[in-house]
Amino acid sequence: MDTKFDVKTTAVIQRDWHSTPEGEDFFKKFCNSTLTGRRLYGVLERPTIFDGIEEVTYKVLFIGKCGVGKSHTISLLAGLFCGSTKTDTIGIEVTDVYWPVKIWDKVIIFKLQCWEAGEISMKKYNHVVESCQDKVDLRVFVFSFTDTSSFTELPAYITSTSDKDINQVAASIVIGTRNSSKAVVSPTEIKNFKLSFGIEVVYSLPQAYHEKIAESLPEIIPLMNDICEILWLRDQHYIMNNSVTV
């Protein structure tokens, strides 16, 4: 069974807003009018939203061993179908994911620019690594519950991608995929990892690969809300710290 581990965030986002008439009306703006599911927007496209609605943009970098499900995870967050074929991403891929939330009494549109680069490309070309790391707001470390090495290698990924500039501090979460009866990574290992690295958000996403999972909103809404909340709180802390300094 898929498990959502404990998440320590401050409740600033209205968690049930998407099921309200207002939330459902907003969400329709991001759906494809002819097909089931959300619409994928190109670089020069954006959803039609109501006037006066604030939009915030964040760069989200997905990191992990080849084949753990980074592309699949991004597809799930975007409401897209992703097949079961495991191939290394060639170069850099960027997927824009729009997500409306209500923070206190204000509706805000989060634009998450989800970056992913193939492991081979990152090892071969320095500029790929530099482009991915530049001005990143959130690092999503991905591992597979059925691949021990993908989990034990996370500390190395965290160390190698840590911020060198104190003025550019990205938030971090960990997402686990393929949590099933074949899982070899134990809850105890997850707990120890969280205590050691202070990364408190660990998820297990659906392991199935079929079209219905692509738009399984009950599975995706909690994670999307938590991602947006983490980014929002990171910015609020940054603003407060700068205000104190000044």
Please go through the stretch 135-161 and give me each residue that is farther than 18 Å from Val184 by Cβ, hydrophobic (A, V, I, L, M, F, W, C) and touching a Lys or Arg at 6+ places or on another chain (Cβ under 6 Å), ordered by number.
Val136
Return only the number of the condition from (1) in a helix (DSSP H, G or I); (2) of a type in the set (A, V, I, L, M, F, W, C); (3) more than 22 Å from Leu77 (Cβ to Cβ) that Val169 does not satisfy.
(1)
Just to be sure before I move on: is Gly67 among the small types (Gly, Ala, Ser), under 18 Å from Val142 (Cα atoms) and at pLDDT 70 or above in the structure I sent?
yes
Quick check on my filter: what residues within the stretch 1-17 are acidic (Asp, Glu) and at pLDDT 70 or above?
Asp16
From the list Tyr98, Tyr157, exactly one residue is outside any strand (DSSP E or B) and touching a residue at least 40 places away in the same chain (Cβ under 8 Å). Which is it?
Tyr157
Sort out which residues of the stretch 18-42 are of a type in the set (A, V, I, L, M, F, W, C) and at pLDDT below 70, and write them in order of number.
Leu35
For the stretch 70-99: of the residues being over 24 Å from Glu24 (Cα atoms) and among the aliphatic types (A, V, I, L, M), which is modelled with the highest pLDDT?
Val94
If I filter the stretch 179-200 down to residues being of a type in the set (Val, Ile, Thr) and surrounded by 11 or more Cβ atoms within 10 Å (Cβ to Cβ), which single residue comes out as farthest from Ile227 (Cα to Cα)?
Val184
Given the criteria modelled with pLDDT of 90 or more and more than 18 Å from Val97 (Cα to Cα), does Phe193 qualify?
yes
Of everything in the stretch 100-148 that's at pLDDT 85 or above and touching an Asp or Glu at 6+ places or on another chain (Cβ under 7 Å), which residue is nearest to Ser162 (Cα to Cα)?
Glu116
Would you check if Ile213 is under 21 Å from Trp99 (Cβ atoms), at pLDDT 70 or above and in contact with a Leu (Cβ under 9 Å, 6 or more places away or on another chain)?
no
When (1) touching a residue at least 24 places away in the same chain (Cβ under 8 Å); (2) within 30 Å of Phe26 (Cβ to Cβ) are applied to Gly67, the one that fails is (2)
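The values are calculated or read from the model by the stated rules, or taken from the named source; none is laboratory data. Values in this document were obtained by computation on a predicted structure and should not be read as measured data. Glycine also receives a Cβ, built like all others from the backbone with ideal geometry; neighbour counts cover every protein chain displayed.
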